[in-house]
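Computed from the coordinates by the stated procedures, all read-outs in this text should not be read as laboratory data. It should be emphasised that the depicted structure is a prediction, and the values quoted were computed from it without experimental measurement. Note that we place each Cβ from the backbone using ideal geometry, even for glycine, and neighbour counts take in every protein chain shown.
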Amino acid sequence: MTLKNWAGNIAFQGKTVHHPSTLDELQNLVADTATIRALGSGHSFNDVADTTGDLVTLDRLPSEVEIDSATACVRVGARTTYAELAPILHANGFALGNLASLPHISVAGSCATGTHGSGGGNQSLSAAVAALDLVTADGSLTTLRRGDADFPGAVVALGALGVVTSVTLDLVPAFDLRQYVREDLPDDFDFEAVMSAGYSVSLFTDWLSTRVWLKRRTELPAGDWHGTRAADGPRHPVPGMPAESCTEQLGVPGPWYDRLPHFRADSPPSSAGNELQSEFLLPRARAAEALRELRAIGDRIRPVLQISEVRTIAADDLWLSPYNGRDTVGVHFTWVKDTAAVLPVIELVEERLAPFDPRPHWGKLFTRWPSCPERFRDLVGRYDPAGKFRNDFVRILLGE
């Protein structure tokens, strides 16, 4: 049976998939293998993780969650998912600052590709990384910590430096949130006011009508809210789909890990991978202009679109991060699962967004490559001079 990603649009080309059960076994495997790439939970929609060499998954390595209350950090095995990690943290009085829409994704893979949630004051999941352990090309184990010269290039690194075995994440005190859905947001809404109205805010739109997913620490006051109306029941982000897989709404308070994601940890999204995805990250200051450009081509987008999501992400200093150096608005597209029909529309979207200096999400579909920072190219050259961890995706980025 051919190994595929979650969406089923990528069939991995690796000649062998290894499942080491100990760290020593992994180190020996890496040292003795000419070309190798690590697989996470398979939630990328492109070939960022693929290779024609060998693949390795860490699914048989011991699971570890080590909370350090004194430093408010947790060290977790790379294969750990946020769905597995979050309840343990909450039971110990801690939380992560943010989560992505889907909690089923692995910690290491999410951080390596710059995955994010939403909230103007919230950085990406990658920015919570305080340290990481990495098996490098000669099989040795290296630890990089925040403050080390190479650290900003090693967090969002697309697997190009080695195999990440564990990640240390910053923690905050556990907290509760309430989730509301507001419908029929007017096109002329005040972007900053709406997107700043909660701890995490998402817009879901088909470029005709827009709903707001509003996640707040406090109750939403009664009365008019930016010309919208309250949803009269639970909603799925894709209109018409059943909401049973979604986290609880209607303002019911609950723990952070059961409100920040749109989808429940114990239930996969209703689409179950029957989709393709793209996302483009733009300067937040130009959000209103960019949304107008996309609304103008909505008649081209809608025939191949399930739904778009608009989120905000705070700036960070990680070299390959799509949010490096600028507060960001992310415009996400969940497409129908038809690559031939979708690609021309992605190209059109990229063309219309070009004046806004878009950066792609590394784990999703795009056709225009951003330039690679020279310091990252140098970093890869030092850590992997023979190209053991290179694949076509990384070679294109590096300009090789």
For this session: Name every residue in the stretch 53-74 that is more than 19 Å from Leu29 (Cα to Cα) and of a type in the set (Asp, Glu), in order of residue number.
Result: Glu64, Glu66, Asp68
For this session: Scan the stretch 72-88 for residues that are part of a loop (DSSP other than H, G, I, E, B) and either in contact with a Phe, Trp or Tyr (Cβ under 8 Å, 6 or more places away or on another chain) or surrounded by fewer than 18 Cβ atoms within 10 Å (Cβ to Cβ) (or both) and report the count.
Result: 1
Exercise. So, in the stretch 46-71, of the ones that are hydrophobic (A, V, I, L, M, F, W, C) and in a loop (DSSP other than H, G, I, E, B), which residue ends up farthest from Ala7 (Cα to Cα)?
Worked result: Ala70
Seminar exercise, completed: Checked Pro283, Pro237 against criteria (under 27 Å from Gly114 (Cα atoms) and in contact with a helix residue (DSSP H, G or I) (Cβ under 8 Å, 6 or more places away or on another chain)); the one match is Pro283
Problem set entry | Residues of the stretch 10-45 satisfying the condition of being of a type in the set (Gly, Ala, Ser) and either surrounded by fewer than 18 Cβ atoms within 10 Å (Cβ to Cβ) or not in a loop (DSSP other than H, G, I, E, B) (or both) | Ala11, Ser21, Ala31, Ala34, Ala38
For this session: Among what's in the stretch 229-240 and is in a loop (DSSP other than H, G, I, E, B) and touching a Lys or Arg at 6+ places or on another chain (Cβ under 9 Å), pick the residue that is surrounded by the fewest Cβ atoms within 10 Å (Cβ to Cβ).
Result: Pro239
Exercise. Which condition breaks for Thr143 when tested against (1) free of Cβ contacts under 8 Å to residues at least 24 places away in the same chain; (2) in a strand (DSSP E or B); (3) closer than 26 Å to Asp266 by Cα?
Worked result: (3)
Exercise. Right, Ala100: of a type in the set (A, V, I, L, M) and assigned to a helix (DSSP H, G or I) or not?
Worked result: no
